[in-house]
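For reference, the structure is listed below as structure tokens.
The values are calculated or read from the model by the stated rules, or taken from the named source; none is laboratory data. Not measured: the values here are computed from a predicted model. Using ideal geometry, Cβ is built from the backbone for each residue, glycine included, and neighbour counts are taken over all protein chains shown. These area figures cover heavy atoms from the full protein model, side chains too; ligands, DNA and RNA do not enter into them. Shrake-Rupley method; radii C 1.70, N 1.55, O 1.52, S 1.80 Å.
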Amino acid sequence: ACTGIENIDEAITLLEQNNWDLVAAINGVIPQENGILQSEYGGETSQGPAYGPTSHSTAASSTPSSSSAFRHVVPSRQIVERQPRMLDFRVEYRDRNVDVVLEDSSTVGEIKHILENELQIPASKMLLKGWKTGDVDDSTVLKTLHLPKNNSLYVLTPDLPPSSSSSHSGALQESLNQNFMLIVTHREVQREYNLNFSGSSTIQEVKRNVYDLTSIPVRHQLWEGWPPSATDDSMTLAASGVTFPCHRLTVGRRSSPVQTREQSEEQCTDVHMVSDSDGDDFEDATEFGVDDGEMFGVASSALRKSPMMPENAENEGDALLQFTAEFSSRYGDCHPVYFIGSLEAAFQEAFYGKARDRKLLAIYLHHDDSVLTNVFCSQMLCAESIVSYLSQNFITWAWDMTKEANRARFLTMCTRHFGSVVAQTIRTQKTDQFPLFLIIMGKRSSNEVLNVIQGNTTVDELMMRLMAAMEIFSAQQQEDIKDEDEREARENVKREQDEAYRISLEADRAKREAQEREIAEQFRLEQIRKEQEEEREAIRLSLEQSLPPEPKEESTESVSKLRIRTPSGEFFERRFLASSKLQVVFDFVASKGYPWEEYKLLGTFPRRDVTQLDPNKSLLEVKLYPQETLFLEAKE
């Protein structure tokens, strides 16, 4: 790409001579700004003390006289040190351009020092931008950046206020980065189109896009709504004065003032008919008030083709938009639908979806200098059968190989995606072998070029080769579909197993949580029971301690002897003073674990509920004297 050397043997020889140092090998081939000129035919250099017979007698003797120029230019360390490489810099600052020429042994700081004298701006306030390798510091040596001879940089001064002279250019630069919406009304059909364009788009590009929508050729378009400052179709939208963010326009078809000329234009469908006509047919054109320049101006402008693709386009999508518009203007609207986007995006669309949705990728390589291009495009590529088959089974991507920069860019992309063999195959194609049609099939590990179709073919042969590629792709696609279905089935089974496992875990967790809640509830109830028992025991002990002492049998006071039967059949006896209150009996029974709130004390003869009696009466008053048998019964 850098040297233009296409012979692999020459390239390897040059690398071996430079100990496989790529930079040194390239610098040995590319002419430098030191007066050394390389002869294409192996002749002597125009200035060559360093290349005299003494310097390289051995290399000259071992190399045939018919070999390429680089065999006479073996870079020497002494030569590079004596005559350093010169670099040209064009530095833009606001509305000024400064040209700087330095040796590649200089530093970035020396550029800033020169700019400080030219622009009257302190070097410490400058931000020097535009380096291809990213930001650098003032101590960086230019040689280490491997720069080309001509370079463009720009200066930013964020710490300095903008001057009044640069305010307009700053506003214009900002407008170039904005998006404008043009609402275009087609007058004849009363239809509106909302079109988005960047500020850097030209009026000519707008008109071409409108031609794709309305089928009104640019030269027949009659516009209303453009600002008075929009006098040239090459102006950008940012500089034309259209309203941001939205501007309304109206377009219609222009009617010719000369009826005979309008009729002749409608009957003439091929612009080449004008140029092929005999000059005598137009020698009296001035008699009808038509100037010769005007008469032939339309034909000559029609014959001058616009480039299919801009040179050095930064955005591949924008380049493909222009390619599609220019292709439509040349060969009509019946053509393959070209994918708008980068080659990587086309790969993504064609190869990386589901197996059932994948398609082949067709890459059309255009070349305006080939004699086969017009016939191939108009008669084969735009044939309805080819267009229909491509739209159903292919993703079609296009590139223009006419310009050398675009050609080199595609070869770089080709090497990256298909390998050096395919790139070398395309590189060796002669101009008259274009256009080329590449059929690409995506595989698991790499992309395979199934077929390279040259321009010297027929519609039937082109269709057969497309169908043959489709058969290969269909077989591979069926295998991919089978593998994908099996993989999805495995994933579904795994997904179902994971879901069942998740549900099982949820059930186990719920069961465990229920058990934990049950255990916690049992523990809580047990705690309550224990607390209640402890409370009852405390009450029982308190009552037991509060009881009056049991009178002795030989007591001189009246004593009542009570025998109490428990629900379990046990008996316990105690003596009480006849004058003691009935509450003392209740406290005694409660001290034995039978509180009167839960149990009732019943008499035998007569049967009565003693707990219903007044607890403040004495035993004598309630007739529990001198002795009585009572029994306990739990309350309901």
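What strands (runs of 3 or more DSSP E), lying completely within the range 559-605, carry at least 1 residues that are free of Cβ contacts under 8 Å to residues at least 24 places away in the same chain and out of contact with any Phe, Trp or Tyr (no Cβ under 8 Å at 6 or more places or on another chain)?
Strands (runs of 3 or more DSSP E) meeting the threshold: 571-577.
Working only within the range 98-123, note down all residues that are open to solvent by 60 Å² or more (accessible area, probe 1.4 Å), among the β-branched types (V, I, T) and assigned to a helix (DSSP H, G or I).
none
Regarding I453, is this residue within 16 Å of A355 (Cα to Cα), in contact with a Lys or Arg (Cβ under 8 Å, 6 or more places away or on another chain) and of a type in the set (V, I, T)?
So I453 fails the test.
Condition (residue is over 30 Å from the mean Cα position of the chain (by Cα) and among the basic types (K, R)) applied to the range 424-438: is it met by at least one residue?
yes
Which of the residues that make up the range 329-374 are crowded, with 19+ Cβ neighbours inside 10 Å and farther than 26 Å from T425 by Cα?
H335, R358
Out of all the residues in the range 549-558, which are over 16 Å from L624 (Cβ atoms) and either not charged (D, E, K, R) or not in a loop (DSSP other than H, G, I, E, B) (or both)?
Hits for the range 549-558 are P549, S555, T556.
Looking only at the range 398-416, which residues are of a type in the set (K, R) and in a helix (DSSP H, G or I)?
Result: R407, R409, R416.
Confirm whether I539 is closer than 19 Å to P595 by Cβ, outside the structural domain of Y594 (by the TED database), part of a helix (DSSP H, G or I) and in contact with a helix residue (DSSP H, G or I) (Cβ under 8 Å, 6 or more places away or on another chain).
When the stated conditions are applied, I539 passes them.
When you scan the range 616-636, how many residues do you find that are in contact with a helix residue (DSSP H, G or I) (Cβ under 7 Å, 6 or more places away or on another chain) and open to solvent by 40 Å² or more (accessible area, probe 1.4 Å)?
2
Among all residue pairs at least 6 apart or on different chains, which show Cβ distances below 8 Å where the first residue, located in the range 420-441, is on the phi > 0 side of the Ramachandran plot and buried (at least 21 other Cβ atoms within 10 Å of the Cβ) and the second is in a helix (DSSP H, G or I) and of a type outside the set (A, V, I, L, M)?
none
Got a sec? Which of D485, D498, D460 is closer than 29 Å to V387 by Cβ and either loosely packed, with under 13 Cβ neighbours inside 10 Å or in contact (Cβ under 8 Å) with a residue 60 or more places away in the chain (or both)?
D460
Do you know which residues across the range 610-627 are modelled with pLDDT of 90 or more and within 13 Å of V589 (Cβ to Cβ)?
If the condition is that a residue be modelled with pLDDT of 90 or more and within 13 Å of V589 (Cβ to Cβ), then P615 is the only one that fits.
Quick one: how many residues across the range 227-246 are open to solvent by less than 60 Å² (accessible area, probe 1.4 Å) and closer than 29 Å to Y331 by Cβ?
Number of matching residues: 4.
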